[in-house]
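The next block holds one structure in the form of structure tokens; read it before the comments.
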Amino acid sequence: MSTKQWWKRAEKTFEKYEDKALILSISLPGLRLAVPFLAGVKGISVKTFYLYSTLPVTLWACGYFLLGFWYFPIASEQPWLFIPVFLVYVAALALRSILLTKKSPSKSHLS
């Protein structure tokens, strides 16, 4: 696939999944480079891009900070406690993404 074809395909996919792409782009290495460029080309406002970019980063960082802060002292004495904590954290992230998918904002505010 040529670069031109790749960009056309990326633009079509971005148009279809704009809000989800902005949210997930921070977490996925390949999208981290392409999505900000596509957002600029599509004319998404800086405020919208900033909101969709900082929200997942903040939640991810706070989740890891709190996980370490609350459970490291306990888990250092009982290491098996990391497994259920990890599963609950992953389930919470999955539930959050499902709820965001169902309540995704209309695309009219992005233009």
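Could you check the stretch 15-42 and list, in sequence order, the residues that are within 8 Å of the chain's Cα centre (by Cα) and touching a residue at least 40 places away in the same chain (Cβ under 8 Å)?
LYS20, ILE23
Filter the stretch 43-54 for residues that are within 25 Å of LEU99 (Cβ to Cβ) and touching a residue at least 24 places away in the same chain (Cβ under 8 Å) and give the result. Spell out how you get there, then give the answer.
Of the residues in the stretch 43-54, the ones within 25 Å of LEU99 (Cβ to Cβ) are 44-45, 47-54.
Result: ILE44, SER45, THR48, PHE49, TYR52, SER53.
Among the residues of the stretch 33-55, write down those that are part of a helix (DSSP H, G or I) and loosely packed, with under 13 Cβ neighbours inside 10 Å.
Listed by number, the residues that qualify are LEU33, PHE37, GLY40, VAL41, VAL46, LYS47, TYR50, LEU51, THR54.
Looking only at the stretch 22-43, decide whether some residue is at pLDDT 75 or above, more than 30 Å from THR3 (Cβ to Cβ) and not aromatic (Phe, Trp, Tyr).
No: the stretch 22-43 contains no residue that is at pLDDT 75 or above, more than 30 Å from THR3 (Cβ to Cβ) and not aromatic (Phe, Trp, Tyr).
When the residues of the stretch 1-32 are filtered to those that are under 22 Å from TRP60 (Cβ atoms) and of a type in the set (Lys, Arg), which remaining residue is surrounded by the fewest Cβ atoms within 10 Å (Cβ to Cβ)?
Among those residues, the one meeting the criterion is ARG32.
In this structure, does SER2 turn out to be more than 14 Å from the chain's Cα centre (by Cα) and in contact (Cβ under 8 Å) with a residue 60 or more places away in the chain? So that I can check it myself, show each step before the final result.
Working: more than 14 Å from the chain's Cα centre (by Cα): yes; in contact (Cβ under 8 Å) with a residue 60 or more places away in the chain: no.
So SER2 fails the test.
Among the residues in the stretch 73-85, are any of a type in the set (S, T, N, Q), without any contact (Cβ under 8 Å) to a residue 40 or more places away in the chain and surrounded by 13 or more Cβ atoms within 10 Å (Cβ to Cβ)?
Scanning the stretch 73-85, I find no residue that is of a type in the set (S, T, N, Q), without any contact (Cβ under 8 Å) to a residue 40 or more places away in the chain and surrounded by 13 or more Cβ atoms within 10 Å (Cβ to Cβ), so the answer is no.
The values are calculated or read from the model by the stated rules, or taken from the named source; none is laboratory data. Just so you know, these numbers come straight off a predicted model, no measurement behind them. Backbone-built Cβ (ideal geometry, glycine too); neighbour counts: all protein chains shown.
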